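Only one structure is covered here, and it is reproduced in the block below.
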Amino acid sequence: MSTDDGVAVTTGIARLHASPGLAGPGRLGLVTNHTGVLPDLRPAAPALLEAGVRLVALFGPEHGLHGTGQAGESEAAQADPTTGLPVHDTYRRSGELLDKLLIDSGVDALVYDLQDIGARFYTYVWTMYDLMVSAARTGVRFVVADRPNPLGGGVSEGPLLDPAWASFVGRAAVPVRHGLTCGELARWLNASDVPHEAGRAADLTVIEVVGWWRAMDAAATGLPWIAPSPNVPTPATAAVYPGTCLFEGTNLSEGRGTTQPFEIVGAPYVDARFAASLAALDLPGVRFRDLWFVPAFHRHAGRRLRGVQLHVTDREVFAPVRTAVAMLGTLRELYPDHFAWRAADSGVEGGDQRPFIDLLWGSDRLRRAVDAGDDPPALCDPPAPPTRWAGEDVLLYP
């Protein structure tokens with residue numbers, strides 16, 4: 001698809017559709033959901049079958065093959081009504097259970113095509129990782145049909161995850177905003193973590209995007225935006241998500257149950273001081289609006305809440321992680337008797353009762369700093385290129 005300035009961006013799945021041999025021989029399983037479309041919005045699975053690709057099974061992530069599940073949910077595994085192919089639900093499966101799923105499916109290779117959002121705690125990349133580990137153990141080839149990072153690929157932000165805090169919202173030492181495409185992240189994980197867990201690296205192929213470079217965000221690609229999950233409806237949501245998703249670890253609403261999830265946050269105890277205090281911080285690239293809202297579902301459903309809306313004014317300088325951390329510190333300072341952290345729930349890791357903020361942040365350092373009244377933004381590395389943590393050798397795009 002061509003953008004206004006003549007740039008043509010071709011996704012990995014579009015390239016596979018045009019050249020079925022790119023995935024290699026054998027019976028293929030497609031790891032996909034509703035985001036797995038060609039640039040003309042045709043669903044990839046039936047289009048690949050029509051093009052002669054030997055698809056024999058589909059594999060769905062969190063939210064399910066059709067994207068109807070809320071956070072912590074998937075969909076019942078059944079035959080896909082469009083293609084007739086069997087659908088295997090991968091959510092909450094890893095280790096031997098996932099190995100058995102691959103073996104029983106009869107596939108020789110998996111093709112991964114899911115639209116990531118560019119944040120470590122977005123679970124699609126950990127579905128990719130778990131499947132790469134199982135593929136390495138079971139001798140199944142792994143092919144990533146790459147897609148652009150909707151946040152662009154020039155910046156990473158936030159600390160690396162401490163492996164002691166690994167969970168399904170972060171399996172490996174990746175920054176909060178990682179700055180890579182799924183294909184690049186797969187290359188990094190295949191060199192760093194998959195061999196340790198599987199005993200060998202996966203047989204990995206990346207079908208690269210053509211026409212994308214690191215400075216391009218979702219709008220610059222000219223590709224259609226499809227909400228990757230029910231609560232990321234727009235590119236504006238994606239822009240703030242690497243920061244405001246941290247509010248899932250608190251007793252505030254992160255805007256689920258409204259039309260602007262992650263762009264607004266609030267709680268019953270918040271008052272006008274919150275917006276005023278955030279404005280006084282003069283954080284780069286963002287302004288805050290005092291507002292009231294009532295979530296239709298999720299935390300504080302049906303209650304009248306007060307909070308703020310984030311208005312990003314300059315994407316070039318806006319740092320979502322640093323912004324959210326400053327917001328958390330402000331909340332603790334203003335409302336010490338009301339602001340609180342949440343435990344993890346079974347939707348993330350069954351039986352895990354550690355504070356969810358620790359799993360999201362990748363350690364307990366943020367929680368401890370906020371509770372101690374320290375300067376929490378000091379925990380955030382300034383935005384840096386992905387080469388700072390991933391190195392040049394995994395990058396595929398200029």
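The values are calculated or read from the model by the stated rules, or taken from the named source; none is laboratory data. Since the model is a prediction, treat every value here as computed from it, not as a measurement. Here the Cβ is made from the backbone with ideal geometry for all residues, glycine too, and neighbour counts use every protein chain on show.
Condition check ((1) surrounded by fewer than 19 Cβ atoms within 10 Å (Cβ to Cβ); (2) more than 29 Å from Asn231 (Cα to Cα); (3) modelled with pLDDT of 95 or more) across all residues:
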position: Asp4; (1), (2), (3): yes, no, no
position: Pro25; (1), (2), (3): yes, yes, yes
position: Leu30; (1), (2), (3): no, no, yes
position: Arg42; (1), (2), (3): yes, no, yes
position: Leu65; (1), (2), (3): no, no, no
position: Gly69; (1), (2), (3): no, no, no
position: Ala77; (1), (2), (3): yes, no, no
position: Val87; (1), (2), (3): no, no, no
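When only residues in region 103-135 that are surrounded by fewer than 22 Cβ atoms within 10 Å (Cβ to Cβ) and more than 18 Å from the chain's Cα centre (by Cα) count, which is farthest from Glu208 (Cα to Cα)?
For region 103-135, the residue satisfying everything is Asp104.
Hand me the list of helices (runs of 4 or more DSSP H) wholly inside region 35-154 holding 2 or more residues that are assigned by TED's automatic domain parsing to the domain that holds Pro25 and hydroxyl-bearing (Ser, Thr, Tyr).
The helices (runs of 4 or more DSSP H) meeting that bar are 124-138.
What do you reckon, is Pro175 surrounded by fewer than 18 Cβ atoms within 10 Å (Cβ to Cβ), modelled with pLDDT of 95 or more, within 18 Å of Leu366 (Cα to Cα) and not aliphatic (A, V, I, L, M)?
Spelling it out, it is not the case that Pro175 is surrounded by fewer than 18 Cβ atoms within 10 Å (Cβ to Cβ), modelled with pLDDT of 95 or more, within 18 Å of Leu366 (Cα to Cα) and not aliphatic (A, V, I, L, M).
Scanning for something surrounded by 19 or more Cβ atoms within 10 Å (Cβ to Cβ), over 26 Å from Thr387 (Cβ atoms) and not basic (Lys, Arg), does region 204-223 turn up at least one residue?
no
Test Ala324 against the criterion of being in a helix (DSSP H, G or I), touching a Gly at 6+ places or on another chain (Cβ under 6 Å) and surrounded by 20 or more Cβ atoms within 10 Å (Cβ to Cβ), and give yes or no.
Here the answer is yes, as Ala324 does meet what is asked.
I need every pair where a residue in region 211-224 that is without any contact (Cβ under 8 Å) to a residue 60 or more places away in the chain has its Cβ under 9 Å from the Cβ of a residue that is outside any loop (DSSP other than H, G, I, E, B), sequence separation at least 6 or different chains.
Taking only residues 6 or more apart or on different chains, the pairs are Ala219/Pro235.
So, in region 307-321, exactly how many residues are more than 18 Å from Cys245 (Cα to Cα) and touching a Lys or Arg at 6+ places or on another chain (Cβ under 8 Å)?
1
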